[in-house]
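To start, the structure itself, in structure tokens.
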């Protein structure tokens with residue numbers, strides 16, 4: 001009977017875990033819809049902004065923001081790793097951490113590499129391997145453009161002051177609920193934007209190109225970081241929903257197996273008791 005009690009306890013434990021994973025799946029599914037709508041609505045704006053920068057490439061070199069396009073020998077690199085504050089989302093955080101370490105140890109081997117963490121998981125893991133000079137995990141408490149703009153401006157100031165020669169974003173790009181693609185994206189210096197012939201347009205600039213560039217370049221950089229964080233935020237909920245769905249399915253299968261084992265053990269125990277009773281009765285009659 002002790003064995004039966006142990007199996008009952010395991011069934012209760014698995015059932016409790018299944019309820020938790022199922023609830024987490026539903027919560028992530030609800031949050032994913034809102035996050036997916038936000039990044040889907042933002043992408044056309046970001047793409048149009050990139051097209052405008054392509055038309056203004058030549059004007060950047062003579063503008064007040066030309067320091068953001070200044071190419072320097074790469075000696076000091078800042079890797080901006082965007083993860084989540086919580087786990088239980090499959091390989092979502094691990095993939096970003098692996099890519100960040102690969103850049104630090106392979107692509108930029110021999111360079112001075114620092115990390116700016118956006119998300120507690122990046123801070124917790126990467127701080128054991130690389131110097132983490134900034135932690136912006138609180139941005140997820142209230143994710144909006146104004147908060148991200150402050151972080152982007154800090155990165156822009158660090159580059160303009162010569163603290164780093166290159167700043168790179170590493171994040172998960174949202175494709176769908178089951179698929180997230182790790183992206184490595186140069187933030188600074190501004191990479192030249194190629195404008196295709198088919199995508200060219202005849203713009204009329206008012207008041208003039210220089211004033212537009214001075215406004216547009218910082219705006220584009222802030223939008224780039226905001227889009228990366230928004231992509232990561234949607235990817236997190238997609239990854240967690242998928243992970244919790246799989247966990248719920250596994251818990252259901254394990255519970256069913258335990259119930260089958262319990263019923264077999266219970267049947268065996270009942271059969272043994274019947275045999276003992278019959279054997280005792282035969283002994284008395286004999």
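Listed here are the residues, each with its yes/no results for (1) in a helix (DSSP H, G or I); (2) more than 30 Å from residue 124 (Cα to Cα); (3) modelled with pLDDT under 90.
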residue	(1), (2), (3)
12	yes, yes, no
15	yes, yes, no
22	yes, no, no
28	yes, no, no
36	yes, no, no
43	yes, yes, yes
53	yes, yes, yes
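Any residue at all in segment 79-92 that's within 30 Å of residue 177 (Cβ to Cβ), part of a helix (DSSP H, G or I) and at pLDDT 90 or above? Explain how you work it out, then say what you get.
Within segment 79-92, the first condition is being within 30 Å of residue 177 (Cβ to Cβ), and the residues that meet it are 79-92.
Add one more test, that the residue is part of a helix (DSSP H, G or I), and what stays is 92.
Restricting the remaining residues to those that are at pLDDT 90 or above gives 92.
Yes, segment 79-92 has at least one match.
Return a yes/no flag: does segment 136-147 have any residue that is touching a strand residue (DSSP E or B) at 6+ places or on another chain (Cβ under 9 Å), buried (at least 19 other Cβ atoms within 10 Å of the Cβ) and more than 22 Å from residue 123 (Cβ to Cβ). Scanning segment 136-147, I find no residue that is touching a strand residue (DSSP E or B) at 6+ places or on another chain (Cβ under 9 Å), buried (at least 19 other Cβ atoms within 10 Å of the Cβ) and more than 22 Å from residue 123 (Cβ to Cβ), so the answer is no.
Can you tell which of 152, 160 is out of contact with any strand residue (DSSP E or B) (no Cβ under 8 Å at 6 or more places or on another chain), touching a residue at least 24 places away in the same chain (Cβ under 8 Å), crowded, with 17+ Cβ neighbours inside 10 Å and more than 25 Å from residue 243 (Cα to Cα)? Quick ask: steps written out before the conclusion?
On the way: 160 fails: crowded, with 17+ Cβ neighbours inside 10 Å.
Only one candidate qualifies: 152.
Residue-wise test of (1) out of contact with any helix residue (DSSP H, G or I) (no Cβ under 7 Å at 6 or more places or on another chain); (2) surrounded by fewer than 18 Cβ atoms within 10 Å (Cβ to Cβ); (3) without any contact (Cβ under 8 Å) to a residue 12 or more places away in the chain.
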position: 3; (1), (2), (3): no, yes, no
position: 6; (1), (2), (3): yes, yes, yes
position: 70; (1), (2), (3): yes, yes, no
position: 81; (1), (2), (3): no, no, no
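The values are calculated or read from the model by the stated rules, or taken from the named source; none is laboratory data. Computed from a prediction, not measured in an experiment: that's the story for all the values here. As a convention, Cβ positions derive from the backbone with ideal geometry for all residues, glycine included, and neighbour counts pool all protein chains shown.
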